[in-house]
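Nothing in this text is a laboratory measurement; each read-out follows from the coordinates by a stated rule. Values in this document were obtained by computation on a predicted structure and should not be read as measured data. Methodologically, a virtual Cβ is constructed for each residue, glycine included, from the backbone with ideal geometry; neighbour enumeration extends over all protein chains shown.
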Amino acid sequence: EQWCVVCVRDDVDWMNLRRAMENPAWAGDTDLDSTAGRLAARDRVNAGVSLWTATMTPLDIQNRCQATMVPAGRLMGTVDQLEDPHLEERGFLVRLDQPGLGPVVLEGACITGSGMAGPVIGPAPFIGEHTRRFCVEDLGMDTDRVEELVAAGAMEAVDRPAS
């Protein structure tokens, strides 16, 4: 599915959207010059905007709107995100080696700020990788008892292979 959100917050945004749409005749109706008028005619406005957007890609819609200062943003799929130079430049895309799988790209921090530590992003754990630590440190179990349960097959515990 592909779509683009277009946000008209006020009369200035409406005038800018009209410019982005190259002033179609229907949008020049003076009843639409106010928020109240646009709300009263929302079906007509939605139909007109839908007609305008029907022949463009979400990226084209976003770019045309943003060029006239109308807030707009397209839905970005996974491939779009992987190819987006802005996300790359901001360090949003994190590349790492996932043991057993190889190189992968993950989403990084959605929000960053000065004085804020970045997230710790690493490979996913293996099934049972943290069993011993969890049982001893969090559950307070004796190490020998944990090993007995692992040996009996009651719990799975594996060690991450050295990289």
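Here are a few things to note about the model shown:
- Degrees, to the nearest 10: 42-53 long Cα axis against longest axis of the chain: 70
- Top of ARG18, ARG74, ARG133 by mean-square fluctuation, Gaussian network on the chain, Cα under 10 Å: ARG133
- Unit Cα scatterers, Debye sum, the stretch 77-120: log10 I(q)/I(0) for q = 0.24 Å⁻¹: -0.91
- Rounded tilt (10° steps) of 58-67 against the dominant C-alpha axis of the chain: 60
- Cβ-derived FRET efficiency at R0 41 Å, GLU88 paired with ARG133, nearest 0.05: 0.70
- Relative to the longest principal axis of the Cα atoms of the chain, the long axis of helix 11-20 makes an angle of roughly 90 degrees.
- Charge tally for ASP13 (other residues, Cβ to Cβ under 13 Å; Lys, Arg +1; Asp, Glu -1): +1.
- Choice from GLU22, GLU83, GLU137 with maximal GNM fluctuation in the chain (Cα, 10 Å cutoff): GLU137
- Full-stretch length increase - LEU51, ASP97 - with 0.36 nm per residue and alpha-carbon distance subtracted: 12.0 nm
- Net length gained if the chain between ASP43 and VAL12 were fully extended (0.36 nm per residue, minus Cα distance): 9.1 nm
- The GNM of the chain, with springs linking C-alpha atoms under 10 angstrom apart, assigns the highest mean-square fluctuation among ARG42, ARG90, ARG145 to ARG145.
- Label corresponding to Cα Rg over 2.2 N^0.38 Å when calculated from the structure given, among (1) 0.97; (2) 1.75; (3) 1.11: (2)
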